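Q: Below is a structure I'd like to ask you about.
The values are calculated or read from the model by the stated rules, or taken from the named source; none is laboratory data. In this text the structure is predicted, and so the values were computed from the model without any measurement. Every residue, glycine as well, gets a Cβ built from its backbone with ideal geometry; the counts of neighbours run over all protein chains shown.
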Amino acid sequence: MFQHCAITKCKRESIAVCHCCKENLCLSHLEEHHDSPISQLNLLVDEIDALEARLETTDTHQTIEQCRQKLDKWRVDYHKMIDHLYDDKCHELDQRMTKKITKQRDNITLLKSEVTKRIREQQTTHEDVKPLIEIMHDLKTQMNDIENTCLQIDINSLPIDNNLIRIRESNRHQFDLSTLPLAFRSISTFAKQDGVKLASNDRFMLIGEEKMLYLVDKTLKIVKQKKCNATIITDMCWSSALDRFIVIMNCRLFLVDERTMSIEYMHTNIAQQCIKCACLDTKLFLLEGQWRSSDYVGCKKGPSIIEFNLLPLRQLIKEWKSPITCSAEQWIYDIQDNNGKLALLISESMDCVQKKLVTRLELRSPNTFDCLWSYRLDMGLPMSCDLGKTCVFVNDDEVLIIMNKNNLALISTDGSVKETYTYYPQPVNIHLFGSNTLAITTATEVNFHEL
């Protein structure tokens, strides 16, 4: 009994069975069936050739170069730290001996002056000479001590091992907000009125709250702290050019040294009060205005952004005014740097019924202030709040932003919302510490999440 060909709609009688797929096939379809794998292999060869060509043209130079630049910066920064410590200790060596020599010289000069005076007056008794001889004896003893002084230096080796720098792989186009892990470390804060401000470099994070500054290392331990006489800290940023943190306290600029936590007033020729700051290389951008966002309500003049040069001389370069910054009816809540560009958080309008802000996020060229891209945000935040740092660029193409109180949103630069995430308690500020630690502040603490 014959069997039909297994191919649908074929009525011909089968003449053979394929040993691979166990199907009965007619002569025509048997030939097609035989040629099919060869056709697939030919297509596979074409795909292999295309993939090989793609591999040959893949440019890994940019990826490697960016990492090398980071390594070079790390090396330069730590060389600066070593040089700074070396200079301090050299100065300490000089000061130790100079202080002894200066004191001895002053005492000798004083004794010599007294002896000369008594010789000139010719009124000296044996009782007058005796104390002078005792002083001379003491000076000789002190001179012996100086000549026999031996300075010793105890130097601990630097704890450098291969684990100090880790190289890991990641996909630059993938940031999965849905898998944001729980905080692996939290630091309690006590800032009640205006929240906590954050800034960081490759080594440390500076946390600013009411009248206190805390320095946190890469292990997220508080290694130093400093009390500051500030009613309000409105913003902070890191300046690689000055090798200092710039902190705005009471609308005045201060420099904070991570090594000593010393606070130094930063002298400028800027007359305006400033509330926000961002550093790009040797330039500092300052947002002028009052210290609370609610003070802008009803303001008819768009705020200015001051461009200030840090090196080689600290001087005002330019003041960017409305309508270049924004229209006269709008105001700017925050500025921050993003890989050599400026990010501005601008209020478009206010919903006076619900008393909510309608804002937009813009990326600007620091040279021309041209808008590179813009995205409208319905942040749902009250008009009286201090927005602070509500967004962070996780890579060149994506920005993480606080929206609608408890919602975090991942937005691409084409304006599309890629993911949202509900965060409790309500986030206030967000900051990227290094490349793999996300800091999120709430009303009572700073939470650290590993990316």
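Q: If you scan segment 428-451, which residues turn out to be within 13 Å of Thr219 (Cα to Cα) and in a loop (DSSP other than H, G, I, E, B)?
A: Within segment 428-451, Gly434, Asn436 meet the criteria.
Q: Of all residues in segment 237-253, count the ones that are assigned to a strand (DSSP E or B) and farther than 20 Å from Val76 by Cβ.
A: Within segment 237-253, residues that are assigned to a strand (DSSP E or B) and farther than 20 Å from Val76 by Cβ number 5.
Q: I need every pair where a residue in segment 79-105 that is closer than 13 Å to Met143 by Cα has its Cβ under 9 Å from the Cβ of a residue that is hydrophobic (A, V, I, L, M, F, W, C) and surrounded by 11 or more Cβ atoms within 10 Å (Cβ to Cβ), sequence separation at least 6 or different chains.
A: What qualifies is Met97/Ile146; Lys100/Ile146; Ile101/Ile146; Gln104/Leu139; Gln104/Met143; Gln104/Ile146.
Q: Hey, among Glu348, Glu319, which residue is out of contact with any Leu (no Cβ under 8 Å at 6 or more places or on another chain), modelled with pLDDT under 80 and assigned to a strand (DSSP E or B)?
A: Unique residue meeting the criteria: Glu348.
Q: On to the next question. Residue by residue through segment 145-162, note down the ones that are part of a loop (DSSP other than H, G, I, E, B) and under 13 Å from Ile101 (Cβ atoms). Before the answer, list the steps.
A: Going through segment 145-162, the residues part of a loop (DSSP other than H, G, I, E, B) turn out to be 148-161.
Selection gives Thr149 alone.
Q: Any residue in segment 144-167 that's at pLDDT below 80: show its pairings with residues that are of a type outside the set (Ser, Thr, Tyr) and part of a helix (DSSP H, G or I) at Cβ separation under 9 Å, as long as the two are six or more apart or on different chains.
A: Pairs that qualify, where the first residue is at pLDDT below 80 and the partner is of a type outside the set (Ser, Thr, Tyr) and part of a helix (DSSP H, G or I), are Leu158/Ile82; Ile165/Leu71; Ile165/Trp74; Ile167/Cys67.
Q: Another one. Report yes if some residue within segment 399-417 is among the aliphatic types (A, V, I, L, M), modelled with pLDDT under 80 and assigned to a strand (DSSP E or B); otherwise report no.
A: Initial filter on segment 399-417 (among the aliphatic types (A, V, I, L, M)): 399-403, 408-411, 417.
So of that shortlist, the ones also modelled with pLDDT under 80 come out as 403.
The next check asks that each one be assigned to a strand (DSSP E or B); those that pass are 403.
Yes - at least one qualifying residue is present in segment 399-417.
Q: Could you figure out which of (1) at pLDDT below 85; (2) surrounded by fewer than 16 Cβ atoms within 10 Å (Cβ to Cβ) isn't true of Ser365?
A: It fails just one condition, (1).
Q: Here is a follow-up. Which of the residues spanning segment 254-274 are outside any loop (DSSP other than H, G, I, E, B) and either among the aromatic types (Phe, Trp, Tyr) or over 18 Å from the mean Cα position of the chain (by Cα) (or both)?
A: Going residue by residue through segment 254-274, those that are outside any loop (DSSP other than H, G, I, E, B) are 254-256, 263-265, 274.
Answer for segment 254-274, where residues must be outside any loop (DSSP other than H, G, I, E, B) and either among the aromatic types (Phe, Trp, Tyr) or over 18 Å from the mean Cα position of the chain (by Cα) (or both): Phe254, Ile263, Glu264, Tyr265, Cys274.
Q: Is it true that Ser186 is at pLDDT below 85, of a type in the set (Ser, Thr, Tyr) and not in a loop (DSSP other than H, G, I, E, B)? Give the derivation first.
A: Details: at pLDDT below 85: no; of a type in the set (Ser, Thr, Tyr): yes; not in a loop (DSSP other than H, G, I, E, B): yes.
Answer is no for this residue.
Q: Moving on to the next point. Let me spell it out: the conditions are (1) loosely packed, with under 10 Cβ neighbours inside 10 Å; (2) over 60 Å from the mean Cα position of the chain (by Cα); (3) not in a helix (DSSP H, G or I), and Arg120 meets all of them except one. Which number is the exception?
A: The failed condition is (3).
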